[in-house]
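Here is the structure we will look at, set down as structure tokens.
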Amino acid sequence: MSAAHRPVGRPDKTDERTAQILAAMAGVVARDGLTGATISKVAEAAGLRRTLVLHYFGNRDRLVDAFLTQTVAAYGTAMVNIDRLTTAQLIDAAFEPGIYHSDLDLAVWLDLVALAARDPAVRDRLHRLWRESWLPAIAGRIVAQFPGTDAERAHSVAYALVAVFEGHWSLVAQGVPTATDTAAAKSAAHALIGTLAR
């Protein structure tokens with residue numbers, strides 16, 4: 001039988017299964033924390049056999065690495081790089097409930113932040129995401145919008161914006177901010193950008 005007439009095998013479901021497993025991982029992390037996310041729990045949440053999860057990721061460490069690399073990194077990058085928004089508009093969006101797609105996403109993020117204080121591997125991964133991707137992306141937006149701003153000043157303002165944003169959302173998870181508090185945080189972030197316009 002020639003190659004052109006051979007029956008085609010089953011379609012490759014790698015991308016579909018990987019996305020399905022990583023989405024299930026996010027749900028398990030939101031419910032049980034990253035330390036409580038086992039292969040068995042993720043498989044159950046994905047509606048798959050444990051062996052299938054192992055087929056795609058090999059072991060828990062590789063699943064966690066993929067979760068941090070693909071899911072968390074992509075989500076953070078998407079938040080930082082919302083297209084067609086000025087820095088001021090991005091600040092406004094950053095304090096709206098929709099910036100985290102759901103309470104689940106916020107819970108996952110805060111669990112990772114807490115775990116970074118205890119787990120050097122998670123701390124290293126988040127450190128690299130912030131230092132090599134997210135902070136430079138924010139600083140780059142600042143330089144693009146405010147020509148003449150040097151890289152060091154742009155980085156300082158980017159860091160301060162992130163500090164206000166991260167502090168605000170950690171307090172949201174605790175039920176602390178009122179609408180007035182949120183407006184004050186947003187105003188402080190705009191004031192930081194205002195220092196560049198001078």
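Brief remarks on what is shown
- Alpha-carbon Rg with Dmax, taken over the range 20-81, Å: 11.4, 37
- Span-like helix ranges in the chain, DSSP H, alpha carbon extent 30 angstrom or more, Kyte mean at least -1.0: 151-173
- Two-site FRET efficiency, Thr38 against Asn81, from Cβ-Cβ distance with R₀ of 41 Å, rounded to 0.05: 0.80
- Those residues of the range 77-114 whose amide nitrogen sits under 19 Å from the label point placed on Arg31, 7 Å along Cα→Cβ: 102-112
- Linear extension gain, Ala173 paired with His55, 0.36 nm per residue minus alpha-carbon span: 38.9 nm
- Full extension of the chain segment joining Arg123 with Ala184 gains 19.0 nm, where the gain is 0.36 nm per residue of separation less the Cα-Cα distance.
- When Rg and the Kirkwood radius Rh are both evaluated on Cα atoms of the chain, their ratio Rg/Rh stands at 1.08.
Bear in mind these aren't lab numbers, they're just calculated from the coordinates by the rules spelled out. Worth saying up front: this structure is predicted, and the values here are computed from it rather than measured. Every residue, glycine as well, gets a Cβ built from its backbone with ideal geometry; the counts of neighbours run over all protein chains shown.
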